[in-house]
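One structure is given below, encoded as structure tokens.
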Number of protein chains: 4
Amino acid sequence: MIVIMKKDATPMELSHVVARIEQMGCQAHISRGEERTLVGIIGNGRPYNTETLELMSGVEKTMKVTSPFKRASREFHPHDTRVVVGDVEIGGPEIVLIAGPCAVESQEQMSEIGAAVKAAGARMIRGGAFKPRTSPYSFQGMGEEGLKILAKVREETGLPVVTEVMQPETVPLVTSYADVVQIGARNMQNFALLHAVGQSHRPVLLKRGMMSTVEELLMAAEYILSHGNDRVILCERGIRTFETYTRNTVDINAVPLLKQLTHLPVILDPSHGTGKWKLVEPVSRAAIAAGADGLIVEVHNHPEEAVSDGAQSLLPERFAHLRDSVKAIAEAMGRQL
Amino acid sequence: MIVIMKKDATPMELSHVVARIEQMGCQAHISRGEERTLVGIIGNGRPYNTETLELMSGVEKTMKVTSPFKRASREFHPHDTRVVVGDVEIGGPEIVLIAGPCAVESQEQMSEIGAAVKAAGARMIRGGAFKPRTSPYSFQGMGEEGLKILAKVREETGLPVVTEVMQPETVPLVTSYADVVQIGARNMQNFALLHAVGQSHRPVLLKRGMMSTVEELLMAAEYILSHGNDRVILCERGIRTFETYTRNTVDINAVPLLKQLTHLPVILDPSHGTGKWKLVEPVSRAAIAAGADGLIVEVHNHPEEAVSDGAQSLLPERFAHLRDSVKAIAEAMGRQL
Amino acid sequence: MIVIMKKDATPMELSHVVARIEQMGCQAHISRGEERTLVGIIGNGRPYNTETLELMSGVEKTMKVTSPFKRASREFHPHDTRVVVGDVEIGGPEIVLIAGPCAVESQEQMSEIGAAVKAAGARMIRGGAFKPRTSPYSFQGMGEEGLKILAKVREETGLPVVTEVMQPETVPLVTSYADVVQIGARNMQNFALLHAVGQSHRPVLLKRGMMSTVEELLMAAEYILSHGNDRVILCERGIRTFETYTRNTVDINAVPLLKQLTHLPVILDPSHGTGKWKLVEPVSRAAIAAGADGLIVEVHNHPEEAVSDGAQSLLPERFAHLRDSVKAIAEAMGRQL
Amino acid sequence: MIVIMKKDATPMELSHVVARIEQMGCQAHISRGEERTLVGIIGNGRPYNTETLELMSGVEKTMKVTSPFKRASREFHPHDTRVVVGDVEIGGPEIVLIAGPCAVESQEQMSEIGAAVKAAGARMIRGGAFKPRTSPYSFQGMGEEGLKILAKVREETGLPVVTEVMQPETVPLVTSYADVVQIGARNMQNFALLHAVGQSHRPVLLKRGMMSTVEELLMAAEYILSHGNDRVILCERGIRTFETYTRNTVDINAVPLLKQLTHLPVILDPSHGTGKWKLVEPVSRAAIAAGADGLIVEVHNHPEEAVSDGAQSLLPERFAHLRDSVKAIAEAMGRQL
């Protein structure tokens, strides 16, 4: 942290700033420039609250020097983390496809889609039993019954199950059925929920909030890691911008940026990222070419009848086409699928 | 809802669209234009999922015609809702000031600030006992002890207490101490939490998410209203934009827009909305001039030592200055303070 | 400028950084922290390009310390600049209203609106003769004929004329008719145009780009000031965000922020800022309450027939209502109108 | 265009709307729904201004049905346009790399970079002689001397030259030296400039504005096409969002979206799109995987000394590495490089 003094700060003001820094148990290092004096803060290893230094008389502003995440950072942990789920490994040489409908609607639907996506190369199945919906009048998910359906499909297909958890108190229930628990974009900063999944024994698929920065995503991961769970998979799913043609704007820069900043695996959700099924396949290829470790894709056997997200869901045969197209890119990247 | 057919849609495609609409229990109304054919959907009163019509062959796109909120809309409820808390009424002719620190830090701090803001004209006191913090290493709040401190300050000052609730399972605890429960910006779409406060007997202060549209804010209010609690106060607190000089961008348009769209009271948080105490007073005046019913302002007796949000907190004497300055605007608007 | 070295930077890397800084004619000031070494750059008074220091081996990043605008800053010029146009002064105690249609359509229209807005309290008249339009198929303005109409209305009403200039080569033409030349939002970073109006002898109304930061607005003003024209009026007109209910989002924070950062007068355009006439009056009041020096408002005698921006234009009688409502706020602020 | 009447609109209001539509030379088609009446407008082939219908009594809102671009649309022109420049074809099976420094600094620099990028596979050379710079105190480009240097490098390497034009009046000068003229992001809506290059005989590289939607980009292309020049290459270069880690956010969705909406070739600028050289190569691969027809990349022989954009420039050897990496992706896509 650096404190930048005002042009016309007095020696008295400067000495007050130094005194407060020392009061916080830190050291102050003064550097006099042509126009301004700067004060570097040399920490004591413990977190401290320095923004309030901005309020002191004579202070222009303060600046952070180091990034606020530790356990999630590649500096802290230089080697790639690989998250193992059954016989699937995310973050290793293999590109992992996760597929399934937005919402679990019935056993028939899930069994049919499960078989289809397995045949088309998916390594895990997704489906929501608890659904965050903007409107209280929309379908809110089948709840525990949906979880049972997912468990049945796992039995049928052998595919591990990814499903969303929305409340701290249902973490035990959801983790008793799911292989990977998903934190949705709207809950990325639901800190009580991050705390709860951090204490669970299941890998966590953490989606970036639609208006969260990369740093905030890494801080959310830090919550989970700091509570003892180091099996976190990050997921870019598009951010909210002024562009209205697409549902969200996939931040493709975030893929290589995250791979540089953190050791955690990074996947991409092209379905929510675009909102239009016609864009899902090209954006999936782009994700892999940018270095993503996998994809989570919405697939539905009857998108026209899906209770949600139909417009961005692929038919199983289109998903098979996507798999082939992504496989070629993966191989060009020296990876397998 | 309107379905817009493609330029080259065939009569067969059109008749499939009509058939599906009828299957959903609705009526289809065909309108042939020079370039395109449109199909209006006449509903059956129940919610239906029409986005999937976009997937049908021959369909260009679909468009929503009516707004998705009902109980929150002024069409549904033309008169202003006034939320009464003790002897305070929000949404009536009086401008209501709510003030206090970001976080409850100690009994001494809260008692001192409580007395100071009461003297300066605040009608309610705020303070966080449970704090949503971006970093797991930051102070997370005093919890129930903080709630007890707030209750003590209510006794001392007579001011009703506003405090945040972060999890559905702590709603009973928080409502047992608080007069108004606050839903923070990061939880605006925590639907389980909205459900829980919707079933509680306390007024709710609902803050707009930093990434949420006005329509989504009204849908979040709709969740609370639809679960039986009609005492909801909306709060504009700044949205996230590309501008970095300020912490957020206060969406001042949202104030008159909300007053036109909904019957619920609207207040503004100039502290989070700007992130800089020097901007708090002018933006407070702007809010009242735009038609807001009140303000929620961060006040701290020692902002330089605040555990959070010091840089946007006012000293009690500056809050008194704000009150005078806002009072002049309120009177120019024909209101009191 | 500060250079932050990497955690593991070697002494050799550090000495290379110092050498380059000295090569640029500056001095380097080393400050060793617990985790990082920082190097402060002490300038030689001339501009230098330091971002490339980020590319040197061992460098983590660089940070700017001082703001890049000089002539526009309040530090440089502590007293308010007042721009005088005929008998109107912008930036003094009086709130100045500028009103008129988006586009000049005919002499009859302009004369009628001119008389109406003068009667309702406008101190200047606006109207576009050259129109920037998103579509090549939309009306592009009447050109010089429109300028002549504006000059005629000035004669009739005595009101100075504000009109937009879109190209450097038409600056002489436009300044030969106009009292104030306007740089539109889309041209805020048309540097050749800024250069040209900077060399002209007319006051400039500089609109903030719809996705420009406050700092970029001040840098655009700096272009004009640095070419010799110090009569610049800044105009906040709404920025582009994810919110779609309104045409733009008025950045009300920018009003007091600009008044703190710069000595130049600041006005607000509530018509483009909201895009909806029903929001124009409340947002106008908010602007004045936030400290703006004036307003530029679209007024049309037949908004339903306006060739552009009808939906955000006020009828003359509604503009008169706005004037009364804004006057009350101005007086509460200790100003006149 | 559709007009949506208010719930409580009277028959009189409806008939006024119909009358106005007919007055505009169009036909009205009434469709009565359960809740609302809709009026479809059937055009007369000429552009008309319907937004003002929103102002009529009884009207809730209006909605556009058809897209506003014609010549740029794939509906109008189903086959891919290929822009030929010398022996280079953009928009065909070959992926085209354009490379060079941000600014022309000297003959030596350009000749050295020209030889290096040619050796590394570039098919055209870029370099700015006229530079749009945020600060009036930054280097503004070498002007005509820079153009001469570029022409010399074309002689030396045989590579066609891409360079920016900033003002309508310098279009003749720039087109006398350049093979392709570039419209920079800040000038995407400089309509006078679009008009001027639309009348020139050179292909145009049109960069998306950092604040512009895909539709606005297509409308800017429409300006050029409608003035007679149909050799337009579109360039996605990142948009401005709330994310601050990167300079801009590459809108990767825009690549396949543009390929679906328009017949014009689409390239991507990963240098401005990311602002960090470490992200340039992965984002380049992503662009090609998403379907882009080429890349425009900043390459500098001494990025540490570049007068601008050094931090996002590649060394020639890193550009050669990028070429190899992109070539593998291009081949996986069935294209060549």
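In table form, for the structure just shown:
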{"item": "Check on A:R247, open to solvent by 10 Å² or more (accessible area, probe 1.4 Å) and under 12 Å from the mean Cα position of the chain (by Cα)", "result": "no"}
{"item": "First in the stretch A:1-25 and in contact (Cβ under 8 Å) with a residue 40 or more places away in the chain, second anywhere and hydroxyl-bearing (S, T, Y) and assigned to a loop (DSSP other than H, G, I, E, B), Cβ under 6 Å, 6 or more apart", "result": "A:M1/A:T50; A:E13/A:S57"}
{"item": "Filtered residues of the stretch A:264-279 (kept if more than 8 Å from chain D (Cβ to nearest Cβ) and open to solvent by less than 10 Å² (accessible area, probe 1.4 Å))", "result": "A:L264, A:P265, A:V266, A:I267, A:L268, A:D269, A:P270, A:S271"}
{"item": "Out of D:S308, D:S313, sole residue that is buried (at least 24 other Cβ atoms within 10 Å of the Cβ), within 11 Å of chain C (Cβ to nearest Cβ) and farther than 26 Å from A:L279 by Cβ", "result": "D:S313"}
{"item": "Matching residues in the stretch A:172-186 - criterion: being open to solvent by 10 Å² or more (accessible area, probe 1.4 Å) and within 12 Å of chain B (Cβ to nearest Cβ)", "result": "A:A185, A:R186"}
{"item": "Residues satisfying the stated conditions in the stretch D:230-242, i.e. open to solvent by 10 Å² or more (accessible area, probe 1.4 Å) and either part of a helix (DSSP H, G or I) or of a type outside the set (V, I, T) (or both)", "result": "D:D230, D:R231, D:R237, D:R240, D:F242"}
{"item": "Number of the exception - D:T134 against (1) at pLDDT 95 or above; (2) more than 24 Å from D:A292 (Cβ to Cβ); (3) within 14 Å of another protein chain (Cβ to nearest Cβ)", "result": "(1)"}
{"item": "Qualifying positions in the stretch D:78-99 - farther than 30 Å from D:E317 by Cβ and in a strand (DSSP E or B)", "result": "D:V84"}
{"item": "Residue match in the stretch D:106-129 (condition: in contact with a Gly (Cβ under 8 Å, 6 or more places away or on another chain), surrounded by fewer than 22 Cβ atoms within 10 Å (Cβ to Cβ) and over 15 Å from D:V266 (Cα atoms))", "result": "yes"}
{"item": "Residues of the stretch B:1-30 classified as facing another protein chain (nearest Cβ under 9 Å), of a type in the set (A, V, I, L, M) and surrounded by fewer than 19 Cβ atoms within 10 Å (Cβ to Cβ), total", "result": "1"}
{"item": "Members of the stretch C:250-263 found to be open to solvent by less than 20 Å² (accessible area, probe 1.4 Å) and either of a type in the set (F, W, Y) or outside any loop (DSSP other than H, G, I, E, B) (or both), listed by number", "result": "C:D251, C:A254, C:V255, C:P256, C:L257, C:L258, C:T262"}
{"item": "Verdict on C:V232 being at pLDDT 95 or above and more than 14 Å from chain D (Cβ to nearest Cβ)", "result": "no"}
{"item": "Where A:E304 falls short, out of the listed (1) farther than 18 Å from D:P256 by Cβ; (2) touching an Asp or Glu at 6+ places or on another chain (Cβ under 7 Å); (3) without any contact (Cβ under 8 Å) to a residue 60 or more places away in the chain", "result": "(2)"}
{"item": "Yes/no for A:A292 being under 19 Å from D:L279 (Cβ atoms) and either at the interface with chain B (Cβ under 10 Å from one of its Cβ atoms) or assigned to a helix (DSSP H, G or I) (or both)", "result": "no"}
{"item": "Residue match in the stretch A:85-101 (condition: among the aliphatic types (A, V, I, L, M) and without any contact (Cβ under 8 Å) to a residue 60 or more places away in the chain)", "result": "no"}
{"item": "Breaking point among (1) part of a helix (DSSP H, G or I); (2) within 30 Å of A:E164 (Cα to Cα); (3) out of contact with any His (no Cβ under 9 Å at 6 or more places or on another chain), for B:A116", "result": "(2)"}
{"item": "Which listed residue, of C:V283, C:V299, is aliphatic (A, V, I, L, M) and either in contact with a Leu (Cβ under 7 Å, 6 or more places away or on another chain) or at positive phi (or both)", "result": "C:V299"}
{"item": "Selection status of A:V214, out of contact with any Ser or Thr (no Cβ under 7 Å at 6 or more places or on another chain), farther than 23 Å from A:S313 by Cβ and not aromatic (F, W, Y)", "result": "yes"}
{"item": "Selected residue (criterion: most open to solvent (accessible area, probe 1.4 Å)) from residues of the stretch A:137-150 that are within 14 Å of chain B (Cβ to nearest Cβ) and touching a residue at least 40 places away in the same chain (Cβ under 8 Å)", "result": "A:F139"}
{"item": "Check on C:G198, open to solvent by less than 20 Å² (accessible area, probe 1.4 Å) and within 13 Å of chain D (Cβ to nearest Cβ)", "result": "yes"}
{"item": "Some residue of the stretch A:243-262 being within 13 Å of chain B (Cβ to nearest Cβ), under 30 Å from B:R133 (Cβ atoms), free of Cβ contacts under 8 Å to residues at least 60 places away in the same chain and of a type in the set (A, V, I, L, M, F, W, C)", "result": "no"}
{"item": "When residues of the stretch D:58-88 are limited to those that are open to solvent by less than 60 Å² (accessible area, probe 1.4 Å) and more than 14 Å from chain C (Cβ to nearest Cβ), the one farthest from D:G40 (Cα to Cα)", "result": "D:V88"}
{"item": "Test: residue in the stretch B:151-168 that is farther than 21 Å from A:L193 by Cβ, in contact with a Pro (Cβ under 7 Å, 6 or more places away or on another chain) and open to solvent by less than 10 Å² (accessible area, probe 1.4 Å)", "result": "no"}
{"item": "Qualifying residue in the stretch A:31-42 (condition: modelled with pLDDT of 80 or more and either surrounded by fewer than 21 Cβ atoms within 10 Å (Cβ to Cβ) or of a type in the set (S, T, Y) (or both))", "result": "yes"}
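The values are calculated or read from the model by the stated rules, or taken from the named source; none is laboratory data. Remember, it's a predicted structure, so these values are computed and weren't measured experimentally. Every residue, glycine as well, gets a Cβ built from its backbone with ideal geometry; the counts of neighbours run over all protein chains shown. Calculation scope for accessible area: heavy atoms of the full protein, side chains included, ligands and nucleic acids excluded. Shrake-Rupley method; radii C 1.70, N 1.55, O 1.52, S 1.80 Å.
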